[in-house]
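Below is one structure, written out as C-alpha cells; the observations come after it.
The values are calculated or read from the model by the stated rules, or taken from the named source; none is laboratory data. Please read all numbers here as calculations on a predicted model, not as lab measurements. Note that we place each Cβ from the backbone using ideal geometry, even for glycine, and neighbour counts take in every protein chain shown.
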Amino acid sequence: MIMPVKDSQRSFWPIAIIGFFAVAIISIAVLITWAVRQNMDLVRPDYYAEEIRFQKQLDRMNRAQMLNTEATIAYDTVRQSITVTIPASQSPRQTTGFIHFYRPSDATLDKNIKLSLTTDGTQRIDVKQLNAGLWKVRLYWKVNGEEFYCDRSIVIGA
C-alpha cells in the first residue's frame, strides 16, 4: 500500500521563485517610472543667447593667446600676493578691465577688483584676506575696443 504524502512537507522553492520574480518585476517597474519622470533637457531654454556669450568668451581667449607675449597671473607664496601682467604691447593707460576671484567651493567669497595697472603693465594684489584653498583668478581686460581674457587656478596656502 502506498502512503500519501503529508501536506506539511511541501517544498518552499516554488513560492521563493515566484516571490523573487515578483520583487524583480516590481523593482523594474519602479526604476522605469523613476527614469521616465527625470528631466532630460540637455539644452538650455536660452541656448542661442548662451552660445553667443560662449563664443564671445572663446574670442577673448583666442585674442589673448595671439598676442606676442601672454598675460600672466602669478602667485607669490612668500608675499601672499598675486601679480597680474598684461603684454607690454598693450598700453596700460588705454587698458580697462577687472580681475575676478572665483571660489568654486563658496560663491559668497567671490570678489571683483578693478584693473589698475602700473606703467609697466602690472598690478599686485594682496591676498592675505582671502581664505586658504583653491581660487580661480580671471582677468578680463579691454584695449582699443578689443576684449581679452586670461585665467589661472591658484591655491592659497593656510
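Of note:
- A Cβ distance below 9 Å, combined with a sequence gap of six or more or placement on separate chains, defines the contacts here; from the range 89-104, residues that are within 18 Å of ASP151 (Cβ to Cβ) reach residues that are of a type in the set (Val, Ile, Thr) and part of a loop (DSSP other than H, G, I, E, B) in the pairs THR95/ILE86; GLY97/ILE86; PHE101/VAL127.
- When residues in the range 55-70 are screened for being more than 22 Å from the chain's Cα centre (by Cα) and surrounded by 14 or more Cβ atoms within 10 Å (Cβ to Cβ), 2 of them pass.
- Taking the range 122-148 as the range and being surrounded by 12 or more Cβ atoms within 10 Å (Cβ to Cβ) and small (Gly, Ala, Ser) as the test, only GLY133 passes.
- Answer residue from the range 78-100, given it is of a type in the set (A, V, I, L, M) and under 23 Å from the mean Cα position of the chain (by Cα) and is surrounded by the fewest Cβ atoms within 10 Å (Cβ to Cβ) among those: ILE99
- Some residue of the range 42-49 being of a type in the set (A, V, I, L, M), modelled with pLDDT of 90 or more and under 31 Å from the mean Cα position of the chain (by Cα): no
- The requirement of being within 25 Å of the chain's Cα centre (by Cα) and within 14 Å of ASP151 (Cα to Cα) is fulfilled nowhere in the range 116-133; no residue meets it.
- If you filter the range 50-71 down to residues that are among the polar types (S, T, N, Q) and modelled with pLDDT of 80 or more, you find that the one that is nearest to THR83 (Cα to Cα) is GLN65.
- Test result for TYR75, surrounded by 12 or more Cβ atoms within 10 Å (Cβ to Cβ), among the aromatic types (Phe, Trp, Tyr) and either modelled with pLDDT under 90 or farther than 28 Å from GLY145 by Cβ (or both): yes
- Some residue of the range 43-61 being among the β-branched types (Val, Ile, Thr) and part of a loop (DSSP other than H, G, I, E, B): yes
- Selection status of SER27, at pLDDT 90 or above, in a helix (DSSP H, G or I), farther than 30 Å from VAL127 by Cβ and not hydrophobic (A, V, I, L, M, F, W, C): yes
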